[in-house]
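See structure below.
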Amino acid sequence: MKRRDFIRTGVAGGLLTGLAPLAGAGTDPLESPLAGGVFYTAAHPGRWARKVGGHAPRITTAGGRVKVVTKHGMHGYKHYIVKHQLLDADFKLIGERMFDPDKDEAESEYALPAGYKGRIYALSLCNKHDLWVTAAEV
Ligand SMILES: [Fe+2]
C-alpha cells in the first residue's frame, strides 16, 4: 500500500486494506485470519468475547445517511470510545468522528456519496478493548 493511500484511509482503514492480500481475492476481509486477533467483530470477538455488545458498532441506514452507534459507556478518559470511522467497499474513508468522553456519546452520522451502493464498514475504537468492525450493505 502506498503511504498516500494509507493516510487517506486512516490507520484502521489501512489495516483492513492491508488484509485484502491475506484474505485472498473475493474473500470477506472480516473473515480473514486477523479477525479476532488484530481487530474484532461480533462473529470473531477473540479475547474480548464478553465485550461484543458494548463494542461492535451498530449500523443503521436511511435516505443516503448512515448512523453508527457503539453501546459503550463514556467513563472519562479512563475508558471510552475514541473514534468511529466509516469506510466504503474499497476501504476509502467516507467519514470519521473523534469523541470527547466528557461530553459525547459514541454515535456518529455520515452522508453516503451520492448514489453509493455496496458494502460499508463501521469501525469503532475503544481505548481498552481495541478496534471493532461491523459491515453492512447499502
Ligand atoms: Fe471498552
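Enumerate the residues in the range 67-86 having an amide nitrogen under 18 Å from the point lying 7 Å beyond the Cα of Arg119 toward its Cβ. Correct set: 85-86. Here is the list for the range 57-138: chymotrypsin sites (Phe, Trp or Tyr not before Pro) lying in DSSP coil, each with at most 15 other C-beta atoms within 10 angstrom of its C-beta, are Tyr116. Sorted ascending by nearby beta carbons within 10 Å, beginning with the fewest, Arg58, Arg50 become Arg50, Arg58.
Here the range 30-98 is treated as a Stokes sphere of Kirkwood radius computed over C-alpha pairs; at 4 °C and 1.567 mPa s its diffusion coefficient rounds to 96 µm²/s. What does the charge count around Val68 come to, taking other residues whose C-beta lies under 9 Å from its C-beta (Lys +1, Arg +1, Asp -1, Glu -1)? Once positives and negatives cancel, what remains is +1.
Over the range 48-134, the fraction of Cα-Cα pairs per 5 Å bin, rounded to whole percents and listed from the shortest bin up, is 3, 15, 28, 23, 16, 10, 4, 1, 0. Counted by Cβ distance under 12 Å from Trp48, the other residues give a net charge of +3, where Lys and Arg count +1 and Asp and Glu count -1. Summing charges over neighbours of Glu105, with a neighbour being any other residue whose Cβ is under 15 Å away from its Cβ, gives +1 when K and R count +1 and D and E count -1.
All of the numbers you see were taken from the coordinates with simple rules; none came from a lab. Since we're looking at a predicted model, the values are computed, not measured. Don't worry about glycine lacking a Cβ; one is built from the backbone with ideal geometry, like all the others, and counts go over all protein chains shown.
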